Amino acid sequence: MRSSPPSIDPSDRSWWLDEALRDEGNVPVAAPLKGELTADVAIVGGGFAGLWSALTLKNRRPGLSIVLIEASICGSGASGKNGGKVHGYWSSLGTAVQALGRDGALAIAEAGDWAQDGIRAFASECGRDIWWREGGNLVVATTALQEEKIAGVVQQARELGAEDHVAVLSIEEVQARCASPVFRHGIFYPDAATVHPARLARALRQAVIDRGVALFENTPMLSVDPGQPCRIKTPRGHILAREVVLATNAALSARREVRPHVSIFSSYVVMSEPAREQLASMNWTGDEGLADLRMFLHYFRKTEDSRVLMGSGSGPVGYGDYTQARHLTHDRASIGRAEAGLRRLLPDLREVPLARAWGGAIDVSADRLPFFKTISDTRIHYACGFSGHGVNATYIAGQCLASLVLNEKDRWSTLPFCTRPLPRLPPEPFRFAGASAIRSAILACEEADEQKRHAPALAQSIAKLPRILGLRIGVR
């Protein structure tokens, strides 16, 4: 598919991370691990899931000795690159009901509320402004076909008794929140928030250090032996631990226990320069996050200094596991789609230059819901499959992983995230070929819809395959 060339190249570093590091004042990087270390729990991964796990374990069992290793610096991966939109599962009831049934869908939606409460509490107590703003999430239709989806969302919420969590907005009500010539009716989810993701990651980093967690950065895991104790090998040392938590996001797709259940997609964002006057002219003065109703959606939000982040979940599919898909961080066509989305959806920003662009891999599970498990016959626990919606879900992951480590049967470890049987995806090369073909077809159909023309018949036929086969593809 052809895309307009982007006006800016993708970077390995997000704007978020650079801003967070400047704000905290050049805090020294933690030293890498050298030699042998023994601990009760070893956590691999210094992003949201690993940091929430460490903090939760310390809150529940202050006497535990915990070691956390990070291959780079905390917040440098997906946790510091995402859009910073924080919401649970009220906006994903359709996906959740298909995967889990009515009771399971309501259970994870309630857990999403618990997570919002937990992140809110951390934001108020951490002693740092992490830009936590509770303005809700506005999902807008930009075409007639997208508008048709709204009735189904409302009907699903009504059938589940969740009407209080979903509000339909008229065109006038949408325009009053954010004026755009392409915005039509919308759905408003009041339970959502936005956050500065890298500031959150860095605040969590400081919190775990303050609680006595031994942190080692620039310390990648080379291997893990599931014996008792488990042994983690690193370039200059190793860790012996009774319990291990693997929280390395898409990299977990390289493990045989995980590989059949996830595919690697990618998402890209652009960040504008400050645009205070333009935002005022659009009436966008609130703190809501926004998204459209595409399958490979656009997601966007403002920053405290009046920049706009626009993301597109339309990046290419990776072949095999994450180790074979690291090239997904530099796809110029995907950056071009994110920039085109910014200019089309928010035309008042057409002349505002871009400050940065970046992207990366997403671990999309077979049913588009995350899963938190213990590897059979081991004391190795992991979190995977966040599917592009990880800020809220990683708090849940931290609680669930802590319960698994402590062998506690509680409201977290009994959630479907931990207990459901995981659907499987086709093996390679069929997974890559099928997902790539369907992605291209869906993009062709959605772009044709936005341009008010008919999509090619073949693209329309292929795009219908997920629904016909009962598959769930993409990042919505």
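The values are calculated or read from the model by the stated rules, or taken from the named source; none is laboratory data. The model shown is predicted, which means the values in this text are computed figures rather than measured ones. Positions of Cβ are generated from backbone atoms using ideal geometry, with glycine treated the same way; all protein chains shown enter the neighbour counts. Areas reflect the complete protein model, heavy atoms only, side chains present, ligands, DNA and RNA absent. Shrake-Rupley method; radii C 1.70, N 1.55, O 1.52, S 1.80 Å.
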Inset, instruction - Would you calculate, for the chain, the mean residue ellipticity at 222 nm contributed by helices, counting each DSSP H stretch of 4 or more residues as -39,500 (n - 2.57) and dividing by all residues, to the nearest 500? - result: -11000 deg cm²/dmol
Legend entry - Solvent-accessible area, 1.4 Å probe, carbon plus sulfur percent, for segment 161-245: 52
Inset, instruction - Can you list which of the trypsin sites (Lys or Arg not before Pro) found in segment 303-384 are DSSP loop residues with at most 12 other C-beta atoms within 10 Å? - result: ARG350
Inset, instruction - Report the antiparallel proportion of the DSSP beta bridges in the chain as a percent, rounded to a multiple of 5. - result: 65
Legend entry - the chain - percent relative contact order, Cα under 8 Å, separation 6 or more: 23
Inset, instruction - Might you tell me the accessible area per residue for the chain, computed with a 1.4 Å probe and given in Å²? - result: 39
Legend entry - Reference-scaled alpha-carbon Rg (2.2 N^0.38 Å with N residues) for segment 1-142: 1.32
Legend entry - Inter-centroid distance (Cα atoms) of segment 294-371 relative to segment 90-151, Å: 19
Inset, instruction - Within segment 13-75, report the chymotrypsin sites (Phe, Trp or Tyr not before Pro) that DSSP leaves as loop and that have at most 12 other Cβ atoms within 10 Å. - result: none
Inset, instruction - Would you work out what percent of the accessible area of segment 1-112, with all protein chains in place, is carbon or sulfur (probe 1.4 Å)? - result: 48
Legend entry - Cα-centre dipole for segment 350-472 with unit charges at Cβ (Lys and Arg positive, Asp and Glu negative), debye to 20: 200
Inset, instruction - Roll a 1.4 angstrom probe over the protein heavy atoms and tell me the percent of accessible area of segment 304-381 that is carbon or sulfur. - result: 46
Inset, instruction - State, as an integer percentage, the relative contact order of segment 46-97 based on alpha-carbon contacts under 8 Å between residues 6 or more apart. - result: 45
Inset, instruction - Evaluate E = 1/(1 + (r/R0)^6) for VAL168 and ASP113, where r is the Cβ-Cβ distance and R0 equals 22 Å; express this FRET efficiency to the nearest 0.05. - result: 0.55
Legend entry - Distance between segment 41-79 and segment 195-210 - C-alpha centres, whole angstrom: 11
Inset, instruction - Would you please report the Å³ per residue occupied by the convex hull of the alpha carbon atoms in segment 1-57? - result: 189
